[in-house]
Every structure is written in structure tokens, then in C-alpha cells.
Amino acid sequence: MTNPAIAAVLGPGERARVEAAMGDGIAVLLQESIPDAIRVVRERPVAAVLLSVTRCQDEQLPEVDRLVQGFPAVPTVAVMSGPGHSDVLLRLGARGIRQVIDMNAPEGWRRLRALVEGPGTPASARLQGPILTALQDAPPDAKLFFEALIRCAPHHVTVRQLARTLHLPASTLLSRFQRAGLPSPKSYLAALRLLHAALLLEDKGRSVADVAHRLEYSSPQSFGRHVRAMLGVTATEFRRRLPFPVALDRFIALMIAPYRAAFRTFHPLLSGGLDSGH
């Protein structure tokens, strides 16, 4: 798994302080402008966006609106390195920015690191809770498999990639699902990739092409073919007709609920383990 990352639009002299506060384990993606930060959020996963109050003057406020309203799932954090910015902070608060980091207060940096380094991504957390609840009678290794599958689905396109992460031959994984009478691992991976897509499409600032890129499809057309093959609708219809809560309920109803009896004795990782580095 790659290190967590934040996008940052900073003022003069702030770069070194932010990088020092974040340390080696968090990538700071420095951008020249708020539109550049928006592009980064569209194209790759980031845990937060830092905006220096010195870069949020009146003429930049429409771009702040685009960021906050277009990507509500990504926390936007105002950063200040000195006094005298109360008017800017009020304007940012009115636009939905609720978190402020004072560079001179260590507690603020600790809170930010906790936000960025939290377990998994917010997307994974929204998926894991309901799915693991639906699997409450399954053995621990079955739950561990689905935790890994949820976490890996955005950047694992094939079951072979997933099997390598789990340190299992792909054929072994396939045979265990077959013996249990479950849909194939490929079916679960494909369905969970669509759930991640539904989550990404919740953000109005992200296009279908952006989602295809984020989920490592070869092209938007490839993503569209996957959606049509799985659901019989276009990618645009998928966004409109299957918002994330509906898509999640559908996944549980079709892929978990009918197989609860099989899951009670399902051991997909019986002789394999997870690489903690993934």
C-alpha cells in the first residue's frame, strides 16, 4: 500500500513546515493553485487538502467552493501560520471548511496526522461496516478476506493480483469459492469495484472519466463496458440510478444474503496470510 497523501496549496515559507510536520510517512503533494489541487483530488486518492489562508483571498473563493462542494468526502483544512486572518477564516467557514490548523500549535498537527493516518480510507470504512455486519456469522479468515478485498478492489483489476496480495495461488482461491458454492472471486472483485465507483461518483466534481482513471480501467469506455456487462446500464445511468446506498444494499442482497449458510463454514485463507505491506 502506498503512503497516505495530502494535496497542499501553501504560501511562502510554509512548505518546509508542513513537510516537517507530516514526516516521511505522508506524501505532501504541493500544488500551485486551488484548481491544481482539485485536479489532484479528481485523479488520485488523497486523505485531505490543505489550503493556506494566504492563498484564499476573495478572487480564489469560487475555486474553494468548487473544491468543498465538489468533493465533500475529502476534508479541506485551512492552514494559518500567524495572526490576522480572522476575516478569511470566517469566509472559509461559511463555505464549509470546519477544520483549521495553526502551524504554531502542535496539537493541530497531531489531529491532522490522525485524520490522514486513520485505518483504511473513508471509502473502505463505509463499505466494510455494512458488509462485515452482513458476514457476522462467518469465520474470522472469511471476514479478513473481505476486508482485504474491499481495501484492494480500487487498484486490483484481476483475481491474480488479489491472490498475490493474499499469498495464495489464484487457482486455490477459485477452487475454495467453487467448493463452498459461492460466486467466483472475480464476481466479488468486479462487484466491489463498482461499489467503489459508486462512492467516487457521489462527489459531483468527479466525472465518469475521472472514476475510470482512479480505478485503473484502461479507458472510460472500458469502465462503461464493465458497468453495462454487470448492470445493463450506461455509466451515466449507473450514477443516476444506483447511488452508493442503493448499490451497497444491492450488493449485500445479491452477493451476501443468499449465501449466509455457506459463509458460516467458509475458510478462504486457510493456509494463506495477508502481506501487511498491501
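Here are some notes:
- Here the contact order of the chain, divided by its residue count and restricted to Cα pairs under 8 Å and six or more residues apart, works out to 19 percent.
- Rounded to the nearest 20, the Cβ-based charge dipole of the range 5-116 about its Cα centre (Lys and Arg +1, Asp and Glu -1) stands at 320 debye.
- Angle between the chain longest axis and helix 34-43 axis [Cα atoms, degrees, rounded to 10]: 10
- About its Cα centre, the chain has a charge dipole of approximately 1140 debye under the convention of +1 per Lys or Arg Cβ and -1 per Asp or Glu Cβ, with nothing else charged.
- Principal-axis tilt of helix 185-201 within the chain, Cα atoms, nearest 10 degrees: 20
- The range 122-263 - percent relative contact order, Cα under 8 Å, separation 6 or more: 28
- Inter-label distance, Ala257 to Asp24: 5.0 nm, where each label sits 7 Å from its Cα along the C-beta direction.
- Using distinct alpha-carbon pairs, which all enter the 1/r mean, Kirkwood radius of the range 5-116 in Å: 13.8
- The chain: angle of helix 61-70 to the longest principal axis, Cα-based, in degrees nearest 10: 20
- C-alpha center-to-center spacing [the range 157-172, the range 50-105] in angstrom: 43
- Isotropically averaged projected area of the chain, using the convex hull of Cα atoms (one quarter of hull area), nm²: 15.5
Every number here is computed from the coordinates shown, using simple stated rules; none is lab data. Being a predicted model, the structure only gives us computed values, none of them experimental. Please note: Cβ atoms are built from the backbone with ideal geometry, for glycine as well, and neighbour counts cover all protein chains shown.
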